[in-house]
1. Work out the FRET efficiency for LYS111 and GLU222 from their Cβ-Cβ distance, taking R0 = 41 Å, and round it to the nearest 0.05.
2. Leaving out same-chain residues fewer than 8 places away, which aspartates and glutamates sit with a Cα under 16 Å from that of LYS107?
3. Computed over the Cα atoms of the stretch 161-230, what is the convex hull's projected area averaged over all directions, in nm²?
4. Once amide H atoms are placed 1.01 Å from N in the peptide plane, what residues at a sequence separation of 5 or more from THR196, or on another chain, have their amide H within under 5 Å of its amide H?
5. Could you sort out which of LYS64/LYS167; LYS43/LYS167; LYS44/LYS111; LYS44/LYS184; LYS117/LYS202 sit more than 31 Å apart by Cα distance in this structure?
6. Which of the aspartates and glutamates could a cross-linker span from LYS206 if the Cα-Cα distance has to be under 18 Å and same-chain partners fewer than 8 positions apart are dropped?
7. Is the shape of the stretch 115-235 rounded, prolate or oblate, going by the alpha carbon gyration tensor and its root eigenvalues a ≥ b ≥ c, with a/c under 1.5 for rounded and a/b larger than b/c for prolate?
8. Taking θ as phi - 60°, what are the ³J(HN,Hα) couplings along the stretch 80-90 by the Karplus curve (6.51, -1.76, 1.60), each to the nearest whole Hz, with x for Gly and Pro?
Amino acid sequence: MRPSLALLAIGLALVVVAGCKRGGEAPPASKAPAAVDDVAEAKKALAVANWAGAAPHLRAALQKDPNSPFLHYNLAICATWLDQSDEAVREFEWVVANALSDSDEAKTARKWLAARKKLGTSTETADPWVGDSGVHGIAMWGEPGQPSTPLSRYQIFLIGLRATPTKAYFREFRTDRGGNYEFKNVPAGTYRLSDTVGPDPKWRLKVTLEPGQSLLLDLTPENGVQRRDDFPDLK
């Protein structure tokens, strides 16, 4: 982590651990038992400042509860410590826009964003994963026998593959109201494009981007996992 972002992260550990103990802020438990309790696993990792361990569970939990200030705030904390500035800014901005304005989370988010702006650290210069490629399209889905419709405000993930130069790459994008998604400024390489980091995906596609390429890839039932699964070993 660069010194500038490290300064922004100082003190957040105490806030996040304290937040884990406030039971009222945790998202409601699902009635159906899950194979993995991502919220519980995230809290365990946060309690010992294991940011890299907590972040994947927080992202997975957000798939089930995308409007949880607790999850967005703590993912912002993890992203700060992991030097993932794009994600930190996005999550803190969500907290400012959606959490109670006088909550500790909103106050901390505003201070972090103000301090970052004062430091003059732009997303482009802070992010080492900047390229000239990209992938975009529309995400549509329909149950068998039903017409496909755009998936509004739906999360799509672009993830680097193990044992490749982009193995540490991880980005998420929430579709607009028309179901459109777009990953810009992506380094050339091979990736997994999916709608979840957990089980039961609608799509799990292998995407190879050439330098300067802007790939159009619509996500529909035609290339869903029932017809095409490029990563069948990921269960």
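1. 0.30
2. GLU25, GLU91, GLU93
3. 5.2
4. Under 5 Å from the amide H of THR196 lie the amide H atoms of PHE157, each far enough along the sequence or on another chain.
5. Check vs 31 Å cut-off fails for LYS44/LYS184; LYS117/LYS202.
6. Result set, ordered by chain and number: GLU172, GLU182, ASP195, ASP218, GLU222, ASP229, ASP230, ASP233.
7. Because a/c hits 1.5 or more and a/b exceeds b/c, the stretch 115-235 counts as prolate.
8. Coupling constants for the stretch 80-90: 4, 5, 8, 6, 9, 5, 4, 5, 4, 4, 4 Hz.
Every number here is computed from the coordinates shown, using simple stated rules; none is lab data. Computed from a prediction, not measured in an experiment: that's the story for all the values here. Here Cβ is always computed from backbone atoms with ideal geometry, including for glycine, and neighbour counts include all displayed protein chains.
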